1. Given the conditions (1) over 25 Å from residue 185 (Cα atoms); (2) touching a helix residue (DSSP H, G or I) at 6+ places or on another chain (Cβ under 9 Å); (3) not aromatic (Phe, Trp, Tyr), and given that residue 111 satisfies all but one, which numbered condition is not satisfied?
2. What is the residue count in the stretch 225-242 for residues that are within 14 Å of residue 27 (Cβ to Cβ) and not polar (S, T, N, Q)?
3. Answer yes or no: is there a residue in the stretch 80-94 that is of a type in the set (Asp, Glu) and either open to solvent by 50 Å² or more (accessible area, probe 1.4 Å) or more than 27 Å from residue 235 (Cβ to Cβ) (or both).
4. Would you point out the residue of the stretch 125-159, among those that are part of a helix (DSSP H, G or I) and among the small types (Gly, Ala, Ser), that is surrounded by the fewest Cβ atoms within 10 Å (Cβ to Cβ)?
5. State all residues of the stretch 25-69 that are in a helix (DSSP H, G or I), within 22 Å of residue 184 (Cα to Cα) and either touching a residue at least 60 places away in the same chain (Cβ under 8 Å) or aliphatic (A, V, I, L, M) (or both); if no residue qualifies, say none.
6. Please tell me if residue 165 is in contact with a helix residue (DSSP H, G or I) (Cβ under 8 Å, 6 or more places away or on another chain), surrounded by fewer than 20 Cβ atoms within 10 Å (Cβ to Cβ) and at pLDDT 95 or above.
7. Please go through the stretch 237-254 and give me each residue that is over 16 Å from residue 139 (Cβ atoms) and either modelled with pLDDT under 95 or assigned to a loop (DSSP other than H, G, I, E, B) (or both), ordered by number.
8. Considering the stretch 101-124 alone, what residues qualify as being in contact with a strand residue (DSSP E or B) (Cβ under 6 Å, 6 or more places away or on another chain) and either surrounded by fewer than 20 Cβ atoms within 10 Å (Cβ to Cβ) or more than 17 Å from residue 73 (Cβ to Cβ) (or both)?
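The values are calculated or read from the model by the stated rules, or taken from the named source; none is laboratory data. Computed from a predicted structure; not experimentally measured. Positions of Cβ are generated from backbone atoms using ideal geometry, with glycine treated the same way; all protein chains shown enter the neighbour counts. Calculation scope for accessible area: heavy atoms of the full protein, side chains included, ligands and nucleic acids excluded. Shrake-Rupley method; radii C 1.70, N 1.55, O 1.52, S 1.80 Å.
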Amino acid sequence: MGRLSEKVAIITGANSGVGAATAKMFAKEGAKVVISARRVEPLEAVASEIREAGGEVLPVVTDISKLEDVKHLLQKTVETYGKVDILINNAGVLDEGLRPIDRFGDDDLDRVLDINEKGTMYCIREISNQMKENGGGSIVNVASVAGVMGCGGASYVASKAAIIGITRHTALRFAGQNIRCNAVCPGSIATPMVAGMGPDNMDKEMFGAMCKHADMQVPICMPDDVANILTFLASDESRAITGQAIVSDFGSTL
């Protein structure tokens with residue numbers, strides 16, 4: 001307890017799954033948590049859970065693909081808490097049906113890149129400028145093993161590979177300025193976002209290619225598994241770590 005005491009953390013995509021688990025864990029560790037997502041009702045439900053457990057939380061409805069929303073998120077955070085110490089870029093969407101490079105949809109590509117890549121970059125740009133004024137901070141991006149191994153739909157893979165690249169770029173940009181940037185690359189996670197995925201609604205050839213490399217004996221990640229890693233990377237315990245992309249998949253891609 002207290003690993004994030006007096007820290008102010010912004011967590012995007014915090015209305016369910018990894019984002020919600022991370023927000024609750026951060027609050028237990030003493031952080032003042034600013035949670036954001038597009039849907040107000042589930043966001044408020046997570047905020048209520050945090051408050052009931054004695055944590056401090058500020059929910060801000062945000063669509064990170066809209067720059068004005070990102071600016072508003074930062075403004076509300078600074079107005080309320082005066083600074084930002086931690087940014088967790090967790091908000092993201094899946095593509096439609098694991099469509100491979102020869103069958104991806106143009107509109108789907110725009111949608112995925114707008115949120116996963118451009119939204120993350122908006123957040124890093126706006127909030128890193130505040131971190132510079134505050135003397136430092138830790139940025140952690142939730143990428144995916146898909147961005148490392150190529151195992152997913154083309155649009156999603158492209159967006160997550162871009163996140164790994166921008167993580168290293170950000171770490172390089174701010175090396176020596178007390179602003180760190182790392183990425184966590186989970187394998188499959190048991191979250192509502194993937195609950196409806198299956199052979200019936202995914203590209204069968206791409207699904208089959210991925211299954212060839214799957215080991216059903218390897219456990220699936222739970223949201224808390226990823227939240228534990230995010231907590232470490234957000235804390236001062238990891239102050240020497242920057243520019244890293246850590247795969248968390250129980251070894252399923254080895």
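1. Going through the list (1) over 25 Å from residue 185 (Cα atoms); (2) touching a helix residue (DSSP H, G or I) at 6+ places or on another chain (Cβ under 9 Å); (3) not aromatic (Phe, Trp, Tyr), residue 111 breaks only (1).
2. Selection size over the stretch 225-242: 3.
3. no
4. 128
5. Listed by number, the residues that qualify are 25, 26, 27.
6. no
7. The answer is 248, 249, 250, 251, 252, 253, 254.
8. Of everything in the stretch 101-124, nothing turns out to be in contact with a strand residue (DSSP E or B) (Cβ under 6 Å, 6 or more places away or on another chain) and either surrounded by fewer than 20 Cβ atoms within 10 Å (Cβ to Cβ) or more than 17 Å from residue 73 (Cβ to Cβ) (or both).
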